[in-house]
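The values are calculated or read from the model by the stated rules, or taken from the named source; none is laboratory data. Because the structure is predicted, anything quoted here is derived from the model rather than measured. Cβ atoms come from the backbone with ideal geometry, glycine included; neighbour counts cover every protein chain shown.
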Amino acid sequence: MLMIGPPGTGKTMLATRLATILPDMTTEEALGAAIVASVSEQGFNPQDWGRRPIRSPHHTASGVALAGGGSQPRPGEVSLAHHGILFLDELTEFDRRDLDVLREPMETGHITISRAARQAQFPARFQLIAAMNPCPQGRACDLGPGCECTPEQQRRYRARLSAPLLDRIDLQIEVPQLPREALRQEAPRGESSAEVRTRVLAARARQLARQGTPNALLNTRGVEQHCVLTTQERELLEQAMVRFRLSARAYHRILKVARTIADIEAAQDISSHHLAEALGYRAMDRWAGMRG
């Protein structure tokens with residue numbers, strides 16, 4: 001997930017809350033995370049058994065720090081976040097070449113480090129959560145009338161993220177500023193993490209009962225079998241593919257997101273509003289399509 005919004009809108013707060021709604025680790029997942037930590041420089045703390053790791057490297061971190069490496073290859077942040085969360089704040093401040101290191105593990109769930117003398121492979125199936133400002137102006141910008149950046153400045157700023165990397169981010173959402181009057185009013189009670197987690201667990205249980213794996217891990221055949229669309233919904237998706245210039249990878253990822261939305265609502269089939277919501281979570285694609 002990529003959250004796009006000016007500073008102070010709650011992006012970091014939302015990222016830290018995500019861990020509270022994730023399902024408990026299975027024994028196999030806990031063992032996998034513990035093994036990775038045990039071969040790292042920090043080692044494994046027994047008190048962390050069963051806790052999903054949360055890693056948040058600074059934007060000055062090198063490609064080796066993210067991917068892993070060294071003369072004696074050690075796991076990097078992508079592997080230390082195995083079965084947990086990798087949070088990258090100020091995403092556009094990371095070096096573009098270092099960010100592209102994420103593409104392999106995001107696709108395969110592991111990363112291969114090659115050196116002259118040896119090759120090592122580490123697991124790296126993490127939940128990527130990233131945050132960025134919408135444009136170079138940062139604080140004052142909310143993609144509205146107050147933004148003083150030119151279209152070219154915005155284009156160069158967003159070009160710091162490669163298209164192949166963005167293509168692999170399923171949820172790209174805008175986190176706008178709250179109106180000033182809303183800050184003076186008593187905030188309405190929202191849902192607690194426990195309430196949201198209940199829905200998450202129920203949706204995950206439906207996925208495992210139906211296909212034996214989470215929607216995110218469905219292969220092409222699984223998507224065709226479990227993410228079936230009607231003719232009307234398929235036409236809607238095909239129109240979006242053309243308008244926003246989406247790739248085949250994005251096509252399958254949108255279907256998985258739509259299937260997950262349907263599972264959260266306990267719906268048997270994917271409906272048009274599930275598909276429309278999934279398409280709505282591709283903010284960067286919409287901006288690119290509108291520029292085109």
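Observations
- Residue match in segment 176-185 (condition: more than 20 Å from the chain's Cα centre (by Cα) and among the acidic types (D, E)): yes
- Selection of segment 7-64 for residues being in a loop (DSSP other than H, G, I, E, B), closer than 30 Å to Q177 by Cβ and of a type in the set (G, A, S) yields G8, G10, S56, A61.
- Evaluation of E41 against (1) in contact with a Gly (Cβ under 7 Å, 6 or more places away or on another chain); (2) of a type in the set (D, E); (3) at pLDDT below 90 (one fails), failing number: (1)
- Residues in segment 183-223 that are of a type in the set (G, A, S), at pLDDT below 95, in a helix (DSSP H, G or I) and surrounded by fewer than 10 Cβ atoms within 10 Å (Cβ to Cβ): A194 alone.
- Output for segment 99-135, where each listed residue is surrounded by 17 or more Cβ atoms within 10 Å (Cβ to Cβ) and either without any contact (Cβ under 8 Å) to a residue 60 or more places away in the chain or part of a loop (DSSP other than H, G, I, E, B) (or both): V101, P105, I111, I113, A120, A124, R125, F126, N133, P134, C135
- Taken as a whole, the condition of being touching a residue at least 40 places away in the same chain (Cβ under 8 Å) and touching a helix residue (DSSP H, G or I) at 6+ places or on another chain (Cβ under 7 Å) applies to G68.
- Which numbered condition R197 fails, given (1) under 23 Å from R168 (Cβ atoms); (2) within 18 Å of the chain's Cα centre (by Cα): (1)
- Residue in segment 81-102 that is β-branched (V, I, T) and out of contact with any Leu (no Cβ under 8 Å at 6 or more places or on another chain) present: no
- All of A124, A131, A120 fail the test of being modelled with pLDDT under 90, touching a Ser or Thr at 6+ places or on another chain (Cβ under 8 Å) and not acidic (D, E), apart from A120.
- Exactly one residue among L255, L246, L237, L229 is part of a loop (DSSP other than H, G, I, E, B), within 23 Å of P164 (Cα to Cα) and out of contact with any His (no Cβ under 6 Å at 6 or more places or on another chain), and that residue is L246.
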